[in-house]
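Undergrad: I have a structure here, written as structure tokens, and I will follow up with some questions on it.
The values are calculated or read from the model by the stated rules, or taken from the named source; none is laboratory data. Note that this is a predicted model, so its numbers are computed, not measured. Note that each Cβ is placed from the backbone with ideal geometry, even for glycine, and that neighbours are counted across all protein chains shown. To get the accessible areas, we keep the full protein, side chains included, count just its heavy atoms, and leave off ligands, DNA and RNA. Shrake-Rupley method; radii C 1.70, N 1.55, O 1.52, S 1.80 Å.
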Amino acid sequence: MVEAADSGSKPLLSPDGIRTDGRKIDEMRKVKMEVGLLKNCSGSAYIEQGKTKIIVAVHGPREAHPKHLAQPGRAILRTRYHMAPFSTSDRKSPAPSRREIEITKVIREALEPAVMLDEFPKTSIDVFIEVLQADAGTRSAGITAAALALAEAGIPMRDMVAAVAVGKLEGRVVMDLNEEEDEHGQADMPVAMMPNVNRITLLQLNGRLTRAEFEEGLSMARRGVDQLYEMQKQALREKYTSSEPAQEED
Amino acid sequence: MDSVNSISEAASLRLRDLNAVLATGVREDGRKLDEYRNIDIKTNLYEKADGSAMVRIGNTVAVAGIKIARGAPFPDTPNDGVLTVSLELLPHASPDFEPGPPDEGAIEMSRVVDRGLRESKSIKYNELCIIPGKSVWIIYVDVYALDHDGNLQDAAGLAALAAVLTAKLPEVKIEGDTVTELETKRPIPIVETPVPVTVAKVGDHLLVDPSAAEEEVSSVRVTMTTIESGVVASIQKSGSDSITMEEALKIYDLAFARAKEIRGKLTAALGVSPA
Amino acid sequence: MNIIAKHRQLVTPGDLVAEGKFRAGQNVIKLNGDRFYATVLGSFEIKDRDTLSVRALRGPYIPRRGDKVIGKVVDISMGSWTVDIRAPYEATLPAGRFPARINPVFDDIRKFMGADDFVYAEIAEFDRARPPILDATLNREYGLIRQGVVIEVEPTRVPRIIGKKGSMIQLLNRELGSQITVGQNGRVWVRAPSPEAVSNTVSTIRLIEAEAHTQGLTSRVEERLKTLKNASQKVATENKE
């Protein structure tokens, strides 16, 4: 997880607002999304955000096992956020860490407001988020990909969900931290939103922000979410436009 | 939203009634929506601990104890001391709490306390260094939830904070690689007071310091830890519903205002303030 | 009144499809006042002038009473079979609703149908509160599947495989000499006079599934059938069972 030892000393943001990887303050890393790449699940999605690479599989709705977990009036949403042992510089133990357990919970709670769970009583919808390479922003990229996989699975949703982490470097609010910025920056604030109903479904902060910075961070996250949402739609259209129903259908 | 996923049907009926009550500006227990319960703070309760505190928020009780030991620093921060928080929801606190490994709720609560205290950078970790790269002070903060009547998150956070503020660590004499602990003690170098304040959303209303009954029908809670200067140092949204941006900013203002009051009470109770 | 999405346009969850006085049909919800949003990936449709709906492109099979389905036995208990029908809910087929004289007290129902066997049956009861109940006695064609092959297709593609009033199946049956039974739950049972005919039938069904929602599908299928016929005229013209 540790970058070159001297990276703490060199500035993360140049005086004219250019970051160490050449990005501007409000510029997102390069994002690639793909849906439907796995066969044996209800829905799947893959995302690359900078060097962060995540694959998500959705199973269900299916009978909840063990049965006592089943809810009479709605489906249960289960998530698992997990990092592959080879996803970090030092091998990560495959056993779920406390960090992963917490992230699993907040990701589930970021998706639950969107998924129409009452459509499938007594079932479970399972979302498996596997981080294949971690380079900061894994929980937010995981949420973006998970929403995409849920949509691809045909599960009804009130809205999509997309997420991005904003942060603070040299006193300025910036979009989508990379690993070096996450390690040495002054703040990291992942935000997930439902873009059409304009609501926040995940909000965390590590580090310090004034009220003005907090407000700026939220609106920057909003802009990032809009960009990601367009890419989500694009990914779904790319895969399914060819299957748009023709006029002749009944 | 037209439906809330996370709460039971009975709770949603109660929520409807509660929402109507809250619209009058008064909560079930008589508080105003933005009003915190009474806070009682006691410190130095256990002689064998290096610091301890018990915090009572209404009927909610949490206790924190601190043990300090010498140990090796993390390789990536060779000149910094270490603070680690763990939290246990004792079966004493609620019939719903079982002994055994912590569930995700307890892990989250513990990590939120940890982040509020550690990631706020209010503690000068470099002043906890004994021999660079070899020996540093490690501060173990263990928090127990003893009684659960809502907002354990703040009770745990405040107990941990009060314990850190009053804990003492020994002065040392260093000769070469030999470290001798002296009889004299000094406080933990903490320069600010990061105070957590939790706000729950119930129906359409934001409630500061939710009671257990309010938590039961709330679908989302936000904990913000703020510092004297008006800076927020950690945030956690918890629960299966969403909030608007306006609500997020309102929570910031509520958290900052209540934290200021709590900080005053803390200073009065402890008779100490950050260096 | 403002319709934003076009009829038959591909929409994704959260897409605003219309604003104003409409009715929310399948897979459309009304939020933020008079705004209508799609809830699934699919094609947007306006029916009866004011009913907005989205036909899902993907998603689970949701049982409906009267659906003919092809199930797979996954478990056997005292008086019933537990049957996977590719729905979120496993179905139950009681021994009394199987087309054989079974005495549930004395007979081991395994003798009639075992694990992994396929059964053709009808959804007799389902209300989402209890598991679906199957009945294999309501029609003579129901019962244990003893021959042919069963393949799985995307449940949302089933209407296209069946075609208008069964036209697509009839076309295949006629041209390939096969006998095709399509379960609403996305399982297709294929019988044909020769292994070659079976394989031709299956590959044609796969073609329909893959191109289910494209223009001119029927003519492309006809073309393909002609090619297959020329390649092995004998098989295609042989006996129709």
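Undergrad: Could you tell me whether A:A95 is free of Cβ contacts under 8 Å to residues at least 12 places away in the same chain and either of a type in the set (A, V, I, L, M, F, W, C) or surrounded by 13 or more Cβ atoms within 10 Å (Cβ to Cβ) (or both)?
TA: Against the criterion (free of Cβ contacts under 8 Å to residues at least 12 places away in the same chain and either of a type in the set (A, V, I, L, M, F, W, C) or surrounded by 13 or more Cβ atoms within 10 Å (Cβ to Cβ) (or both)), A:A95 qualifies.
Undergrad: Restricting to region A:153-178, and then to whatever is out of contact with any helix residue (DSSP H, G or I) (no Cβ under 7 Å at 6 or more places or on another chain) and within 13 Å of chain C (Cβ to nearest Cβ), can you tell me which residue is farthest from C:G25 (Cα to Cα)?
TA: The extreme case among them is A:A153.
Undergrad: Between A:V191, A:V174, A:V164, which is more than 19 Å from A:I47 (Cα to Cα) and β-branched (V, I, T)? Steps first, answer last, please.
TA: Values: A:V191 fails: more than 19 Å from A:I47 (Cα to Cα); A:V164 fails: more than 19 Å from A:I47 (Cα to Cα).
Of the residues listed, the single one that is more than 19 Å from A:I47 (Cα to Cα) and β-branched (V, I, T) is A:V174.
Undergrad: Do you know which residues across region A:189-205 are open to solvent by 30 Å² or more (accessible area, probe 1.4 Å) and either facing chain B (nearest Cβ under 10 Å) or small (G, A, S) (or both)?
TA: Of everything in region A:189-205, those that are open to solvent by 30 Å² or more (accessible area, probe 1.4 Å) and either facing chain B (nearest Cβ under 10 Å) or small (G, A, S) (or both) turn out to be A:N198, A:R199.
Undergrad: Another question, if that's okay. Return a yes/no flag: does region A:130-152 have any residue that is closer than 21 Å to A:K67 by Cα and not hydrophobic (A, V, I, L, M, F, W, C). I'd like the intermediate steps shown before the answer.
TA: Narrowing region A:130-152 to residues closer than 21 Å to A:K67 by Cα: none.
Taking every residue of region A:130-152 in turn, none turns out to be closer than 21 Å to A:K67 by Cα and not hydrophobic (A, V, I, L, M, F, W, C).
Undergrad: I've got another one for you. Exactly one condition in (1) within 11 Å of another protein chain (Cβ to nearest Cβ); (2) closer than 20 Å to A:G142 by Cα; (3) open to solvent by 20 Å² or more (accessible area, probe 1.4 Å); (4) over 17 Å from the mean Cα position of the chain (by Cα) is not met by A:G60; state its number.
TA: The number of the failed condition is (3).
Undergrad: Check off (1) under 23 Å from B:I107 (Cα atoms); (2) open to solvent by 20 Å² or more (accessible area, probe 1.4 Å) for B:K265 and give me the number that stays unchecked.
TA: Failed condition: (1).
Undergrad: Against the definition (open to solvent by less than 40 Å² (accessible area, probe 1.4 Å) and more than 17 Å from B:I262 (Cα to Cα)), how does B:G51 come out, yes or no?
TA: Judged against the criteria, B:G51 is a match.
Undergrad: Being over 28 Å from the mean Cα position of the chain (by Cα) and more than 8 Å from chain A (Cβ to nearest Cβ) is the filter here; which residues of region C:20-53 pass it?
TA: Passing the criteria: C:G20, C:K21, C:F22, C:K30, C:G33, C:D34, C:R35, C:F36, C:R49, C:D50.
Undergrad: Do you know which of the residues in region B:61-89 that are touching a helix residue (DSSP H, G or I) at 6+ places or on another chain (Cβ under 6 Å) and not in a strand (DSSP E or B) is surrounded by the fewest Cβ atoms within 10 Å (Cβ to Cβ)?
TA: Here the answer is B:N79.
Undergrad: Follow-up question, since we're still on this one. Quick one: would you say A:I107 is surrounded by 24 or more Cβ atoms within 10 Å (Cβ to Cβ), in a strand (DSSP E or B) and touching a residue at least 60 places away in the same chain (Cβ under 8 Å)?
TA: The answer is no for A:I107.
Undergrad: Among the residues of region A:206-220 satisfying the criterion of being farther than 14 Å from B:A255 by Cα and of a type in the set (A, V, I, L, M), which is farthest from the other protein chains (Cβ to nearest Cβ)?
TA: Per the criteria, the residue is A:M220.
Undergrad: For C:V17, all conditions in the list (1) in a loop (DSSP other than H, G, I, E, B); (2) in contact (Cβ under 8 Å) with a residue 24 or more places away in the chain; (3) within 14 Å of chain A (Cβ to nearest Cβ) hold save one; what is the number of the exception?
TA: All conditions are met except number (1).
Undergrad: Moving on to the next point. Quick check on my filter: what residues within region A:110-127 are facing chain B (nearest Cβ under 8 Å) and open to solvent by 40 Å² or more (accessible area, probe 1.4 Å)?
TA: Hit for region A:110-127 is A:D118, nothing else.
Undergrad: Hey, does region C:161-169 have a residue that's surrounded by fewer than 17 Cβ atoms within 10 Å (Cβ to Cβ), modelled with pLDDT under 90 and under 25 Å from A:G154 (Cβ atoms)?
TA: yes
Undergrad: Can you tell me which residue in region B:230-261 is farthest from the chain's Cα centre (by Cα), limited to those that are at the interface with chain A (Cβ under 8 Å from one of its Cβ atoms) and surrounded by fewer than 16 Cβ atoms within 10 Å (Cβ to Cβ)?
TA: In this case the residue turns out to be B:T244.
Undergrad: Inside region B:92-144, can you point out the residues that are more than 18 Å from the chain's Cα centre (by Cα), in a helix (DSSP H, G or I) and surrounded by 15 or more Cβ atoms within 10 Å (Cβ to Cβ)?
TA: Across region B:92-144, the qualifying residues are B:Y125, B:E127, B:L128.
Undergrad: I would also like to ask the following. Would you pick out the residues in region B:207-229 that are assigned to a strand (DSSP E or B), under 15 Å from the mean Cα position of the chain (by Cα) and over 15 Å from B:I123 (Cα atoms)?
TA: Residues satisfying the conditions are B:V208, B:R221, B:V222, B:T223, B:M224.
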